[in-house]
1. Considering region 629-652 alone, what residues qualify as being surrounded by 14 or more Cβ atoms within 10 Å (Cβ to Cβ) and farther than 23 Å from Leu562 by Cα?
2. Filter region 642-664 for residues that are in contact with a Lys or Arg (Cβ under 7 Å, 6 or more places away or on another chain) and assigned to a strand (DSSP E or B) and give the result.
3. Which members of region 125-139 meet the condition of being in a strand (DSSP E or B) and either modelled with pLDDT under 85 or β-branched (Val, Ile, Thr) (or both)?
4. Does any residue in region 541-565 that is closer than 20 Å to Gln623 by Cα come within less than 9 Å, Cβ to Cβ, of a residue that is among the hydroxyl-bearing types (Ser, Thr, Tyr) and surrounded by fewer than 18 Cβ atoms within 10 Å (Cβ to Cβ) six or more places away or on a different chain, and which pairs are these?
5. Which of the residues that make up region 1-49 are open to solvent by 20 Å² or more (accessible area, probe 1.4 Å), assigned to a loop (DSSP other than H, G, I, E, B) and modelled with pLDDT of 80 or more?
6. Need the failing condition index for Glu404 against (1) modelled with pLDDT of 85 or more; (2) surrounded by fewer than 13 Cβ atoms within 10 Å (Cβ to Cβ), just the number.
7. Suppose the filter is assigned to a helix (DSSP H, G or I), surrounded by 11 or more Cβ atoms within 10 Å (Cβ to Cβ) and out of contact with any helix residue (DSSP H, G or I) (no Cβ under 9 Å at 6 or more places or on another chain); does Gln294 pass it?
8. Filter region 348-377 for residues that are more than 22 Å from Thr333 (Cβ to Cβ), in contact with a strand residue (DSSP E or B) (Cβ under 9 Å, 6 or more places away or on another chain) and open to solvent by 30 Å² or more (accessible area, probe 1.4 Å) and give the result.
Amino acid sequence: MVKPGRGSGDAAFGVLHGAPPAGLLTDVLECLPDAVTVSVAVRDAVGEPVDMRLEYMNAAARAGVPDGGDPLGGLCSELWPHMVENGSFAACMRVLRTGEAEQGAFTWTEAGTCRAADYEYQATRVGQDRLVWVLRDNSERVLRAELLAEVTASLSRADTLASVMTILTERIMPAVGATVSAAVLNEPGSDHYTVRHIHDVERGALRPAPFSISAPYPMAHTARSGQALFFADPAERTKAFPEAAHLFTPRLHSTAVLPLAVEGRLFGAVSFHFGVRHDFADSERRFLAALVGQCALALERARLQRETADKQAQLGALAEVSAALATSLDPATTFANIAAAVVPRIADGCLIHVIGEAGQPELAALVHRDPCQERALREVVDEFPPRLDAEGGVGAVIRTGRHELVTDVPRVLDRLARSTEHRLALNKLMPAASWLAVPMRQAGVVIGAMVLVQATSAQTSFTESDIPFAEELAGRAAQVVANARRFAEQSEVAHYLQRSLLPPALPHIPQADIAACYHPGEQGTLVGGDFYDIVPTSPRQWGVVIGDVCGKGPQAAALTGLVRHTARAARRWDPEPRSVLEAVNTAILADHPAQRFCTAAYADLDLSASPARLRLVLGGHPQPLLRRADGTITRLGRPGTLLGIVGEPLLHTTEDDLHPGDLLLLYTDGVTERRSGTAMLAEEGVRDVLARTHRSSAAVTVAALEREVLGYGPTPPGDDFAILALRIG
């Protein structure tokens, strides 16, 4: 009936299906974007409807009345003769006659413009004589407004670059009729541009690729200058950019290129290519600019969200790496933990190389979220390891100490290839969007390199802004090497010092089989306090001692040396076992008054007697176990006072006979106090091993008990332990 004066939606059509309160009806109709009129039927003498008299118009309908006239009360056939011509008047008469609502559409040519506009109408009878008419403008202007509103709503929910590009491909491209579209983006603070999106309705989505902002192409010009470009036909485009003519196939007729910018910050461009001619009237240019502007805002939001998420991920990775440094001193384990903290949180792949003994880079860790790519990377590194004289890559980073940021991966891989075979192997590493290699420094010296790899499926490539984080990560990885080397040096010192506190080799004793072992605790860089010794006191007599001094480290080592050498010296003057431990007690008190103590078991073994005779004294030490030839297991000795506590310790000498097949087992408390959760191995565990190894040699028995101690519990022993076994032949 009347042309609406502003945009429309589905609101008016929806109102007719509801029943708002009468007091709200007029207010509701006034707010609708569709033109709404209410008319009263004019009937003939027999009651048939022949016309309608206008009773009400909402704001949208009044806006379409020419010259601001007041048509209320007029006959609709006279006010809008177009209704008679397009058939909608006849539809209104049917609705008044039957009471059944009708919908339809027609094309209305505006006077003076010859511009055809499409309209959709709905006619509904209310009561017996009133007709509600709703007219919706489906003109290009309104459809564009609706599309822009829909796209804006969709983009407001897009939180990633990929989701924005999906809307550009699946919603905007078909709506504007483009056959090809592309988007070029850079990263904030970076001169690197990438074709992040390119979609062809015939070929589908194409792979992202590096982009030269200085290229003589329309996209580069717009991304560089911020100037929008519109070309109605190929000739215009070729004249402006002749070097780009080879990029456009005959089916790409018209082209529009618009800048991506937010608050004056230019960060890319979007292009649309059409298979039919577009003259790009001002309204279409404004419409395309509005669409791209909404994409720019969505991309900026996605960038800010991504930056926030990246920073949080980086902080989380650094925290996890710091924790990894504290959990293990083994470089292989720690490097693997570092790579696991990075992938896939920060990057799709991580490689760590360190300088080996040969002076060349050696792979220390390699992880990739894609198992196939991980295998390909490992094959390339194994077959073509990096070299320090290389032009780029890991070798160049280590040699120069400068980072390497690569976004044009295919070109750089081709340059790094050392042979045809190498090039074929490198080609297996695609897809890859970028990599960032940074040196690992220790005390100012480059000792290796860390490489972070990003695949094409990632939201963004690495940029200059990622370098500080990567360098911090590499610095912490370098600390692993420093810790490992320091630990190795300390372990070596501890190893040699510990060896000096134990006999270099067990002596040969006729008619006896002996074996011993010492195992350090989990703190392998500290010298333990456990020791054992066997020395002859006469051709057929032997002094046997085992002990445990309190503490760890240099002080414990000094006390161990004092105890061991004092015992050796004392038994030369008086081989009586009690006298030997009394001499040890006096030496400890003199050298370490009330600060250090020791447990010890000293035995004198006389093989000249038949059976062999064993005299034993215990200074606070666990009682040895004797496994008889028949398998019976008993304790030997009487508990005595710790050495180094009081001036006159309580010490008891006991004597026992040892027969052929009997085995004497001495051990320190690191054996019985071995824990697994809240449980301890205890003496019962030692007895079980002795029972299982009945009739076995001293060496087999010691080895079995050592395995039992080491395997008892999920973690290595926290305390060192010593075991000494002697079996009479």
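The values are calculated or read from the model by the stated rules, or taken from the named source; none is laboratory data. None of the values given here were measured: they were computed from a predicted structure. In this analysis, Cβ positions are derived from the backbone assuming ideal geometry, glycine residues included, and neighbour counts consider all displayed protein chains. Each accessible area value is taken on the protein alone, full model and side chains, heavy atoms only, with ligands, DNA and RNA left out. Shrake-Rupley method; radii C 1.70, N 1.55, O 1.52, S 1.80 Å.
1. If the condition is that a residue be surrounded by 14 or more Cβ atoms within 10 Å (Cβ to Cβ) and farther than 23 Å from Leu562 by Cα, then Ala629, Ile633, Leu636, Gly637, Arg638 are the ones that fit.
2. So in region 642-664, the residues in contact with a Lys or Arg (Cβ under 7 Å, 6 or more places away or on another chain) come out as 644, 651-655, 657, 662-663.
Those that are in contact with a Lys or Arg (Cβ under 7 Å, 6 or more places away or on another chain) and assigned to a strand (DSSP E or B): Thr653, Thr654, Glu655, Asp657, Leu663.
3. The answer is Val126, Val132, Val134, Arg136, Asp137.
4. Gly543/Thr537
5. Passing the criteria: Asp44, Ala45, Val46, Gly47, Glu48.
6. Just one mismatch for Glu404, condition (2).
7. Values: assigned to a helix (DSSP H, G or I): yes; surrounded by 11 or more Cβ atoms within 10 Å (Cβ to Cβ): yes; out of contact with any helix residue (DSSP H, G or I) (no Cβ under 9 Å at 6 or more places or on another chain): no.
Taking the combined requirement at face value, the residue does not satisfy it.
8. The answer is Asp370, and nothing else.
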